Amino acid sequence: MGSAFFWILALTAGVAAAQICPKRCLCQNLAPSLAILCAKTGLLFVPSIIDRRTVELRLTDNFITVIRRRDFTNMTRLLHLTLSRNTISHITPFTFADLRGLRALHLDNNRILSMGDEQLRGLHNLRHLILSNNQLSAISPGSFQDFVGTLEDLDLSYNNLEQIPWQTISKLTNVNSLSLDHNLIDFVPGGVFTNLHKLARLDMTSNKLRTIPPDPLFLRIPVYAKSKGSPLSSLVLGFGGNPLHCNCELLWLRRLTREDDLETCASPPSLLGKYFWSISEEEFMCDPPVVTHRSGHTWVMEGEGAVLKCKAVGDPEPSIHWVSPEGKVVSNSSRAVSYENGTLDISVTTVRDSGSFACIASNTAGDATASVELTVSPLPHPSNASQRRLRPERGPSDILTPAKPGASVNESGGPPDRKVVTAQLSHNSAQVRWFGERNKPRIRMYQVQYNSSSDDSPIYRMIPPGNRSFLVNDLAPGREYDLCVLAVYDDGMTSLTATRVVGCVQFSTREEPGRCQPLHTQFLGGTMIIIIGGIIVASVLVFIIILMIRYKVYSGQEEGGKAGVSNVYSQTHACAHACAKPTGAPEELPLNTHFTSEEKISPSGSTEQGCEDFGKKRTSGDWTNINI
């Protein structure tokens, strides 16, 4: 009975063991370790049925795209994990948190784009990390934090890395092999390999390195190009395939004893294509810097920003730093920043900044110096004695002292604490009022700046610190204005002159009553009036000319007609007058009376016959026979 029970238990354990092994996988139970091999099985995910006692797990040549948090839960005995040649693009944070005993992790030949701080957390005993042949473009400085002291082999080759977390690399004191080849690295900081005493292989081939800085590690042990035939206490250094700039900066490398690895020079042009180890030391030359451009004399008002520029050329490219008028190097702070391109940007100037700034360009071959003059004109200050005593005296520039963390020099970008209001708006003026600053150091003055919406040029007005209102004059009628009030004060934390926006407001001036039309309206109206008036005048002139012509024509005809009628009238009138007189009363005839030969004057002076003839002729209507 007991033996039968034993066989049942054994059979049950065998069936359970058979069920634990994933489908289409090969499980090797070599006591005391268990290995599961799932290569080329078409897996889309990490199998969910895996013995948690597994020591080695190989999931190569599958189609796994995501590694999830639950995939390796409680697998504390796992020592070797291989996920090579999959399509992994995402690793869930803390995926390997339970793999405290893992020593080797292979993630090569996948599609990983970046490595953050939490993807590799929990790997406290990791020795080998293989991340080659991915698409890595960024590695967080905290990625290797948990195994920085235990890692022996790091492979980052064949990726898209431009920047390497060099500070983390310098702490890999136990690393033996470091592969950084076939990336886009263009810079290696000096002394980064100094503490890597166990480093035996360093591969930096096929990057974008123009130079390799000298390192005490390279001078301490022999350097070889290939591991074959090199002694155990040597360093195999590979740096071929880089666009090396063969100048005096690489002279230290040229002096090392090593076999020819066929490295060539990419510049300068005189050494293009030549083998690195075949060039004599005399040809590794540098050119001292020369200042080619600098800012002229710069004038600014106190509180304004100033930009000083300096450029230099040389081989290698010189670095530029600035020295203040007091002879001290200008360090970066919240008020002054010195850029790599040689520009010194002072965001808020003080009177103490006035003087001659020195621009110093330096490289391996020497230095070059040029001076730039800066003049800071003081702002107007109140005239009372107490304000004069509080004004800082001329002393060393404070741009040499960095500001305290979190302190802001210019807070004008933030929202205003109080609003500014306007009152008594008219067509050419506006009364502006604002509230005082609370919990702020002593206000030196207020600055009012405004500009019209149709003009981008601001207008500035300085107001004494005791005033809380200002009358803005000389405004244009019917126009919109933008106005801001700024407080100029002394920053108590940094002893700097700072500005702060009290508030801003928009307002519109009133229309001027009865004001003239705009210029373009007047111009258009005047033009139309001139045109219409010209047409009217021309019409009147033509009408007058026509009337004059007609008048002259009719005048000539009327003069001829009037002359005939006058004479006839005179004659008929004379005749009628003569006929009307009685015969017994003779009267002297008018002087202008004429008679024809047919007319007969009677002895008594009558003109009977003539009148008779006249009557006949008039009756007959024949006026042509009348002779005047």
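In table form, for the structure just shown:
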quantity	calculated
Members of segment 38-50 found to be closer than 19 Å to A104 by Cα and crowded, with 17+ Cβ neighbours inside 10 Å, listed by number	C38, V46, I50
Every pair of residues 6+ apart whose Cβ atoms lie under 7 Å, when the first sits in segment 341-365 and is open to solvent by less than 10 Å² (accessible area, probe 1.4 Å) while the second is aliphatic (A, V, I, L, M) and at pLDDT below 85	I346/I399; V348/V409; V348/L496; V348/A498; D353/I399
Matching residues in segment 194-220 - criterion: being β-branched (V, I, T) and out of contact with any His (no Cβ under 8 Å at 6 or more places or on another chain)	T194, I212
Given (1) under 27 Å from A368 (Cα atoms); (2) open to solvent by less than 70 Å² (accessible area, probe 1.4 Å), index of the condition M285 fails	(2)
Condition met for L161 (over 22 Å from F63 (Cα atoms) and not in a loop (DSSP other than H, G, I, E, B))	no
Boolean, S84 is among the polar types (S, T, N, Q), at pLDDT 90 or above and either in contact with a His (Cβ under 8 Å, 6 or more places away or on another chain) or open to solvent by 70 Å² or more (accessible area, probe 1.4 Å) (or both)	yes
Complete set of residues in segment 117-138 that are in a loop (DSSP other than H, G, I, E, B), within 19 Å of I185 (Cα to Cα) and open to solvent by less than 60 Å² (accessible area, probe 1.4 Å)	L131, S132, N134, L136
Which listed residue is in a loop (DSSP other than H, G, I, E, B), at pLDDT below 85, farther than 30 Å from G314 by Cα and open to solvent by less than 30 Å² (accessible area, probe 1.4 Å), from G395, G413, G406	G395
Any hit, segment 474-484, residues being modelled with pLDDT of 65 or more, closer than 22 Å to L379 by Cα and crowded, with 18+ Cβ neighbours inside 10 Å	yes
Single condition G190 does not satisfy, out of (1) under 19 Å from Y224 (Cβ atoms); (2) modelled with pLDDT under 90	(1)
Considering residues of segment 175-211 that are touching a residue at least 40 places away in the same chain (Cβ under 8 Å) and in a strand (DSSP E or B) only, the residue least open to solvent (accessible area, probe 1.4 Å)	S179
Sole residue being open to solvent by 30 Å² or more (accessible area, probe 1.4 Å) and on the phi > 0 side of the Ramachandran plot, chosen from G327, G296	G327
Selection within segment 342-372 - farther than 25 Å from E249 by Cα and hydroxyl-bearing (S, T, Y)	T343, S347, T349, T350, S354, S356, S371
Some residue of segment 91-100 being buried (at least 17 other Cβ atoms within 10 Å of the Cβ), under 24 Å from L57 (Cα atoms) and under 40 Å from the mean Cα position of the chain (by Cα)	yes
Qualifying positions in segment 91-115 - out of contact with any Phe, Trp or Tyr (no Cβ under 9 Å at 6 or more places or on another chain), small (G, A, S) and over 19 Å from Y158 (Cα atoms)	G101, A104
Of all residues in segment 105-116 being surrounded by 17 or more Cβ atoms within 10 Å (Cβ to Cβ) and of a type outside the set (D, E), the one that is nearest to the chain's Cα centre (by Cα)	M115
Selection from segment 259-281 of residues that are assigned to a helix (DSSP H, G or I) and either over 44 Å from the mean Cα position of the chain (by Cα) or surrounded by 13 or more Cβ atoms within 10 Å (Cβ to Cβ) (or both)	L271, F276, W277, S278, E281
Matching residues in segment 13-37 - criterion: being closer than 13 Å to R53 by Cβ and at pLDDT below 70	A16, A17, A31, P32
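The values are calculated or read from the model by the stated rules, or taken from the named source; none is laboratory data. Remember, it's a predicted structure, so these values are computed and weren't measured experimentally. Virtual Cβ from ideal backbone geometry, glycine too; neighbours counted across all protein chains shown. Surface accessibility is based on the protein's heavy atoms, side chains included, excluding ligands, DNA and RNA. Shrake-Rupley method; radii C 1.70, N 1.55, O 1.52, S 1.80 Å.
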